[in-house]
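Every number in this text was worked out from the coordinates using simple rules, so none of it is lab data. Source: prediction; values computed, not measured. When we count neighbours, we look across all protein chains shown, and the Cβ atoms used for this are built from the backbone with ideal geometry, even at glycine.
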Ligand code: PHB
């Protein structure tokens, strides 16, 4: 029996934020795409990730007609709180950036909205495929091979271009010969233990708390569900963390100011994530273009991950539009360099927020004082607070 061969213009590997946003953008430009995804729809819609959207991401979702539920259920904050040394400091993001806000709307809710809208538009998303591999990237007929079921026949999707949106562990980055890519990496000696609990909000905005026992973050999901994080050993076993231990640690790290208390509720989800910064340069090999976590990872402290994935595919969609409409390849040729300029700035900001807010065993007394001076500076200088705010709500596109 021969291999089933199909054709599309852009083959997209991965139905995360990068792949789904790209499919929507291409559809609006009249460019056909097919997404292949190794996980099931239930898995991608249930994966708990972070939840902060930059202002332009919110504006883009609305402009694309994808923002209705976000506008109803999202949380729109004018700033964040930095808490350390038994004091709280409000960073007035909207005031410092000409009205840009912090939107809290979980990544898997964005995914649900994008999948539903794409399928309603007649979009082609193939969930639960196995054995995905990329071929012919050097030529002008690249293809994606995969199986719909683990022991089903191999199928081939021939494309003009392939977008590798398959996350850090996907096959796309590995399809670029190792000698042609440079990878930059920093592994942090700590992770985050994240919980979801049924409780009312303890505060009207996010609190980033730096404490001698380690960092802690208070975030939200809905009037009934809260999201909280505690800095922990990245290799720790979640079984070592009873609910009582988690609450004790959260109270200690967050309840450091007079008159503020943390509201508790039953914990229904908990897990530990490791933290790394990672960049792959180049993001392009022949007709393959990487986007999102396939090419770069940021630690969650700067709340940049999803936004950076969307920024990549915005650049890619524009380049593909110029190619199909005007036969121009300059956008595609410049894709990696253009995307990497924004990525490195987001890497810098995420590293900066992470370094400023976390304590480590390895930290020298000198480094500790520098960190304290940074916190003092950013909460006492309008210029420093403006720089933080500008990065947090999202840098302008150039
Ligand atoms: C979250 O709500 O999950 C969240 C918020 C802010 C961050 C990271 C995660 O910096």
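Residues in segment 190-203 that are in contact with a strand residue (DSSP E or B) (Cβ under 7 Å, 6 or more places away or on another chain) and more than 15 Å from the ligand (Cβ to nearest atom): 198 alone.
Scan segment 335-376 residue by residue and report those that are exposed (fewer than 15 other Cβ atoms within 10 Å of the Cβ) and within 23 Å of the chain's Cα centre (by Cα). Answer for segment 335-376, where residues must be exposed (fewer than 15 other Cβ atoms within 10 Å of the Cβ) and within 23 Å of the chain's Cα centre (by Cα): 337, 341, 344, 345, 348.
Restricting attention to segment 319-370, the residues that are within 16 Å of the ligand (Cβ to nearest atom) and either touching a strand residue (DSSP E or B) at 6+ places or on another chain (Cβ under 9 Å) or within 15 Å of residue 212 (Cα to Cα) (or both) add up to 10.
If you check residue 99 against the conditions, is it at positive phi and in contact with a helix residue (DSSP H, G or I) (Cβ under 9 Å, 6 or more places away or on another chain)? Yes; evaluated as a whole, the condition is true for this residue. Please verify whether residue 206 is within 14 Å of the ligand (Cβ to nearest atom) and in contact with a helix residue (DSSP H, G or I) (Cβ under 9 Å, 6 or more places away or on another chain), treating the condition exactly as stated. The answer is no for residue 206. Once segment 84-107 is narrowed to residues that are more than 19 Å from the chain's Cα centre (by Cα) and within 14 Å of the ligand (Cβ to nearest atom), the residue that is farthest from residue 385 (Cα to Cα) is 93. Across segment 282-313, the qualifying residues are those that are touching a helix residue (DSSP H, G or I) at 6+ places or on another chain (Cβ under 7 Å) and part of a strand (DSSP E or B), and the one among them that is nearest to residue 176 (Cα to Cα) is 285.
Given the residues 99, 131, which is the only one that is closer than 29 Å to residue 38 by Cα and surrounded by fewer than 19 Cβ atoms within 10 Å (Cβ to Cβ)?
Numbers: 99 fails: closer than 29 Å to residue 38 by Cα.
Exactly one residue qualifies, and that residue is 131.
Filtered by the rule that a residue be more than 7 Å from the ligand (Cβ to nearest atom) and part of a strand (DSSP E or B), segment 209-219 gives 209, 216, 218. Across segment 220-242, the number of residues qualifying as within 13 Å of the ligand (Cβ to nearest atom), within 19 Å of residue 275 (Cβ to Cβ) and in contact with a helix residue (DSSP H, G or I) (Cβ under 9 Å, 6 or more places away or on another chain) comes to 4.
Scanning segment 287-307 turns up no residue that is farther than 30 Å from residue 202 by Cα and without any contact (Cβ under 8 Å) to a residue 24 or more places away in the chain.
Could you check how many residues of segment 286-305 are touching a strand residue (DSSP E or B) at 6+ places or on another chain (Cβ under 7 Å) and within 16 Å of the ligand (Cβ to nearest atom)?
Keep residues of segment 286-305 that are touching a strand residue (DSSP E or B) at 6+ places or on another chain (Cβ under 7 Å), which gives 287-291, 294-300, 303.
Going one step further and asking which of them are within 16 Å of the ligand (Cβ to nearest atom), we end up with 297-300, 303.
Residues flagged as touching a strand residue (DSSP E or B) at 6+ places or on another chain (Cβ under 7 Å) and within 16 Å of the ligand (Cβ to nearest atom) within segment 286-305 amount to 5.
Which one is surrounded by the fewest Cβ atoms within 10 Å (Cβ to Cβ), of the residues in segment 380-398 that are touching a helix residue (DSSP H, G or I) at 6+ places or on another chain (Cβ under 7 Å) and not in a helix (DSSP H, G or I)? Here the residue is 395.
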